[in-house]
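Student: Quick one: structure below, then a few questions.
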Amino acid sequence: NQVVELDTVLSNIGNPWGMAFLPNGEILLTIQSGEMYRVTADGVKQAIQGVPKVLHRGQGGLLDIEVHPNFESTNWIYLSYSKPNPSNDGEATTAIFRAKLNGNRLEEGKDVFVAKPYVSTRHHYGSRIEFDRAGYLYFSVGDRGRRDDHPQYLSNDCGKIHRIYDDGSIPEDNPFVKEKNAQNSI
């Protein structure tokens, strides 16, 4: 016989998407509309500054979050989000952003992966992020609403699982690194 106990950590926060736990037990929480919060052990919500600009339309927005396996020495955190196309605001894609968490601010932030192509659909961005025990960063990129073509071809990033190093570089033993016209991160 199991007993389940429910405890409300936070309420009235919009549409939460991802959460990650810091070594001290605090929670980092992403909200789809583009906000990010630290939730302290006593339930206080603190806004995090320095989050990348997201395209919050349809299923897009600020998506998953993951803490680097060596967070205590690196302070790196990773976010997935719907990135607006800098040359066409009608398009977006899924991107992976890395930054150092310094207090309640993200610093030294940059995209370590930007999925191609940018498209105009507003759904199926993916994305979940996970480190494995060897330190590789895995993440999903959704099919972007084009399930009959994007996942079927290795020449685009959509509808795939990707593996990179924590700095965004590509492992040489990824399955399609040497295949012509294939995206190396798949």
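Student: Considering each residue of the range 144-185, count those that are open to solvent by less than 50 Å² (accessible area, probe 1.4 Å), of a type in the set (Val, Ile, Thr) and farther than 19 Å from LEU63 by Cβ, and give that number.
Tutor: 1
Student: Determine, yes or no, whether GLU5 is of a type outside the set (Ser, Thr, Tyr), open to solvent by 30 Å² or more (accessible area, probe 1.4 Å), in contact with a Phe, Trp or Tyr (Cβ under 6 Å, 6 or more places away or on another chain) and farther than 18 Å from ASN104 by Cβ.
Tutor: no
Student: Hey, MET19 hits all of (1) in contact with a Phe, Trp or Tyr (Cβ under 9 Å, 6 or more places away or on another chain); (2) under 15 Å from SER127 (Cα atoms) but one; which does it fall short on?
Tutor: The number of the failed condition is (1).
Student: Based on this model, can you work out whether ASN75 counts as open to solvent by 40 Å² or more (accessible area, probe 1.4 Å) and within 24 Å of ILE27 (Cα to Cα)?
Tutor: yes
Student: Taking only the range 85-97 into account, find how many residues are open to solvent by 30 Å² or more (accessible area, probe 1.4 Å), in contact (Cβ under 8 Å) with a residue 24 or more places away in the chain and of a type outside the set (Asp, Glu).
Tutor: Of the residues in that region, 1 qualify.
Student: With VAL67, VAL51, VAL141 as the choices, which residue is surrounded by 19 or more Cβ atoms within 10 Å (Cβ to Cβ), farther than 28 Å from ASP173 by Cβ and among the aliphatic types (A, V, I, L, M)?
Tutor: After ruling out the rest, the residue left standing is VAL51.
The values are calculated or read from the model by the stated rules, or taken from the named source; none is laboratory data. For clarity, every value in this text was computed on a predicted model and none was experimentally measured. All Cβ positions, glycine included, derive from the backbone under ideal geometry; neighbour counts span all protein chains shown. Accessible surface areas use protein heavy atoms only, side chains included; no ligands, DNA or RNA. Shrake-Rupley method; radii C 1.70, N 1.55, O 1.52, S 1.80 Å.
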